[in-house]
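Taking it in order: structure first as structure tokens, then the write-up.
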Amino acid sequence: MQITNSIRGTGSVRTGVTQALEAVGELRAVISELDVSDDVRARAGWALDDMVDELCRTDPDRDVMASRLWRTTELLRGSGVDVGPGTPSFAPIARIAGWVGPLGEALLKRLG
């Protein structure tokens, strides 16, 4: 019985990671459509690559993910991109932040 619960818990965690990975892919697609410099696009891409690498680890670190997400939103905002509620980038950012937890929630409050 305990083994079954452990497996279910792990599956649940992996499902959350899968959803976060999908959100990173969606954010990458949104960024590819933005009117930003190639440098900004490349730097955002590196941060997203770091997120994917982290999410593919056996035990992804939510603090690392929060840092990468923060860096990405700051880069975009610094380039004049609105990443707040109602924008195309907000939904995937919110999904990643939801996986991150409290630090992600703090980021969303700052964006809202």
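Laboratory data are not the source of any read-out in this text; all were calculated from the coordinates shown. If you're wondering where the values come from, they're calculated on a predicted model, not measured in any experiment. Heads up, the Cβs are rebuilt from the backbone with ideal geometry, glycines too, and the neighbour counts pull from every protein chain shown.
Evaluation of residue 54 against the conditions (1) more than 10 Å from the chain's Cα centre (by Cα); (2) farther than 17 Å from residue 17 by Cα; (3) part of a helix (DSSP H, G or I) shows that the sole unmet condition is (2). Filter the stretch 83-112 down to the residues that are assigned to a loop (DSSP other than H, G, I, E, B) and in contact with a helix residue (DSSP H, G or I) (Cβ under 9 Å, 6 or more places away or on another chain), then identify the one that is farthest from residue 20 (Cα to Cα). The extreme case among them is 112.
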